[in-house]
Amino acid sequence: MKAPVRVAVTGAAGQIGYSLLFRIASGDMLGKDQPVILQLLEITPALEAVGGVVMELEDCAFPLLAGVTISDKAEEAFKDADYAMLVGARPRGPGMERKDLLEANAAIFSAQGKALNDAASRDVRVLVVGNPANTNALIAQKNAPDINPGQFTAMTRLDHNRALAQLAGKVGVHTTDITRMTIWGNHSATQYPDISHTLIKGEAAAGKVDRGWYENEFISTVQQRGAAIIKARGASSAASAASSAIDHMRTWALGTADGDWTSMGIPSDGSYGITEGLIYSFPVTCKNGQYEIVQGLEVDSFSREKMQATENELVGERDAVKHLLP
Ligand SMILES: NC(=O)C1=CN([C@@H]2O[C@H](COP(=O)(O)OP(=O)(O)OC[C@H]3O[C@@H](n4cnc5c(N)ncnc54)[C@H](O)[C@@H]3O)[C@@H](O)[C@H]2O)C=CC1
Ligand SMILES: O=C([O-])CC(=O)C(=O)O
């Protein structure tokens, strides 16, 4: 049996937490041979509620769950963490854009960046889910100068999975028939879901759908899916967000399939002309716990314009939180 790894989860009493914790503990994230210790962080008034969730975790008798801790202190929850899933933050309501949460949530991520810097494993892999996820990841990263900046990532896997589902539904195939989907940019309404390089059963996806559908329906449906769920459910996506967080970490740790790639919000190294340092979603392959940007993809003028629009939005968000970026 492998030694247990430590997975810190913030916002553990929230809606996403309620779905996420059980999937991590059952081995969906890191494999059915990898024991895990969960280190849960919540604000003080929610500690009793987390206690209830922990009772339920115990009652599942998960073979891989090697321990659970609860704390309202970030340094305790992040102590020696190998993985940190930063979910705890305010969600948006109807009529809001995710960046409207910047002011409410940004302070959380500067404090948690510092706490990760002080307490987590030097190899900690960080996923930011709390919105606006890309800019919150930037804030946490900049407040953790002793941790490799590349270990801070933001979740666009939900957008990636949504794009797979929309395309599969349109063409009448299963999502598993589709490879090389790409989400570029911000987890926001400016994101660019790009099928220019996507394959369906090994053939170009662009040849199988009408260009008008792609430009006028597919892109906006994926961009607006979070808002559509809030409108229908009265609360933002939770189980699908948790599932995508599991996918993001599993792919990062265990790798992408040969010939395929995924989408992750990662610090730009300047690839594709994107401003260095922004947490921008790129197509990436993963192997041995490392990700690498897929290079050499052709970018036409339609794509370039969309990639720049979402880049511009991220530059604006970064500038709005300058005071939190040491
Ligand atoms: N990146 C993505 O694709 C997605 C991101 N989200 C975002 O995830 C976040 C969480 O969503 P839900 O679970 O639905 O919200 P929720 O309100 O149900 O839960 C959030 C939890 O975080 C806790 N919390 C607040 N401040 C905290 C802090 N400083 N430390 C630790 N815990 C703290 C709250 O007490 C609450 O229990 C929201 O910002 C939401 O917008 C949601 C869906 C998808
Ligand atoms: O839309 C929201 O506010 C929640 C979220 O990020 C998503 O579902 O993509």
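The values are calculated or read from the model by the stated rules, or taken from the named source; none is laboratory data. Owing to the predicted nature of the structure, the values given are computational and were not obtained by experimental measurement. Backbone-built Cβ (ideal geometry, glycine too); neighbour counts: all protein chains shown. These accessible areas exclude ligands, DNA and RNA; they are computed on the full protein's heavy atoms, side chains included. Shrake-Rupley method; radii C 1.70, N 1.55, O 1.52, S 1.80 Å.
No other residue among THR221, THR190, THR179 is touching a Leu at 6+ places or on another chain (Cβ under 7 Å) and open to solvent by 10 Å² or more (accessible area, probe 1.4 Å) apart from THR179. The set of residues in the range 6-17 being more than 8 Å from ligand 1 (Cβ to nearest atom) and either hydroxyl-bearing (Ser, Thr, Tyr) or open to solvent by 30 Å² or more (accessible area, probe 1.4 Å) (or both) consists of ARG6 alone.
Whenever a residue of the range 24-35 is free of Cβ contacts under 8 Å to residues at least 12 places away in the same chain, it has no partner that is in a loop (DSSP other than H, G, I, E, B) and among the small types (Gly, Ala, Ser) lying with C-beta atoms less than 9 angstrom away and at least six residues away or across chains.
Checked against (1) open to solvent by less than 30 Å² (accessible area, probe 1.4 Å); (2) away from ligand 1 (no atom under 16 Å from the Cβ), ARG162 meets all criteria but (2). Can you name the number of the only condition in (1) of a type outside the set (A, V, I, L, M, F, W, C); (2) surrounded by fewer than 20 Cβ atoms within 10 Å (Cβ to Cβ); (3) out of contact with any Phe, Trp or Tyr (no Cβ under 9 Å at 6 or more places or on another chain) that PRO91 fails? Going through (1) of a type outside the set (A, V, I, L, M, F, W, C); (2) surrounded by fewer than 20 Cβ atoms within 10 Å (Cβ to Cβ); (3) out of contact with any Phe, Trp or Tyr (no Cβ under 9 Å at 6 or more places or on another chain) one by one, PRO91 breaks only (2). Please work out if LEU40 is without any contact (Cβ under 8 Å) to a residue 40 or more places away in the chain and open to solvent by less than 30 Å² (accessible area, probe 1.4 Å). Spelling it out, LEU40 is indeed without any contact (Cβ under 8 Å) to a residue 40 or more places away in the chain and open to solvent by less than 30 Å² (accessible area, probe 1.4 Å).
All told, LEU101 meets the bar of being within 11 Å of ligand 1 (Cβ to nearest atom) and either over 23 Å from the mean Cα position of the chain (by Cα) or of a type in the set (A, V, I, L, M) (or both). Counting only helices (runs of 4 or more DSSP H) that sit completely within the range 82-197, those holding 3 or more residues that are touching a His at 6+ places or on another chain (Cβ under 7 Å) correspond to 157-171. Among the residues that make up the range 277-295, is at least one of them away from ligand 2 (no atom under 16 Å from the Cβ) and in a helix (DSSP H, G or I)? Within the range 277-295, not a single residue is away from ligand 2 (no atom under 16 Å from the Cβ) and in a helix (DSSP H, G or I).
Within the range 224-259, if we keep just the residues that are exposed (fewer than 13 other Cβ atoms within 10 Å of the Cβ) and at positive phi, the residue that is farthest from ligand 1 (Cβ to nearest atom) turns out to be GLY259.
All conditions in (1) in contact (Cβ under 8 Å) with a residue 40 or more places away in the chain; (2) open to solvent by 60 Å² or more (accessible area, probe 1.4 Å) hold for LYS287, with the sole exception of (1).
Checked against the criteria, THR275 counts as surrounded by fewer than 16 Cβ atoms within 10 Å (Cβ to Cβ) and closer than 27 Å to GLU317 by Cβ. For the range 204-216, the count of residues that are in contact with a helix residue (DSSP H, G or I) (Cβ under 9 Å, 6 or more places away or on another chain) and of a type in the set (Phe, Trp, Tyr) is nonzero.
The single residue among GLY207, GLY226, GLY234, GLY265 that is under 20 Å from PHE302 (Cα atoms) and either without any contact (Cβ under 8 Å) to a residue 24 or more places away in the chain or within 16 Å of ligand 2 (Cβ to nearest atom) (or both) turns out to be GLY207.
One residue is enough: does the range 54-64 have a residue meeting the conditions closer than 21 Å to ALA119 by Cβ, outside any strand (DSSP E or B) and either in contact with an Asp or Glu (Cβ under 9 Å, 6 or more places away or on another chain) or of a type in the set (Lys, Arg) (or both)? Within the range 54-64, none of the residues are closer than 21 Å to ALA119 by Cβ, outside any strand (DSSP E or B) and either in contact with an Asp or Glu (Cβ under 9 Å, 6 or more places away or on another chain) or of a type in the set (Lys, Arg) (or both).
Counting only residues that are open to solvent by 20 Å² or more (accessible area, probe 1.4 Å) and away from ligand 1 (no atom under 11 Å from the Cβ), which one in the range 71-88 is nearest to ALA137 (Cα to Cα)? Applying the filter and picking the extreme gives TYR83. Output yes when any residue across the range 318-325 is under 30 Å from ALA25 (Cα atoms) and either over 20 Å from the mean Cα position of the chain (by Cα) or open to solvent by 10 Å² or more (accessible area, probe 1.4 Å) (or both), and no when none is. No; the residues of the range 318-325 include none that is under 30 Å from ALA25 (Cα atoms) and either over 20 Å from the mean Cα position of the chain (by Cα) or open to solvent by 10 Å² or more (accessible area, probe 1.4 Å) (or both).
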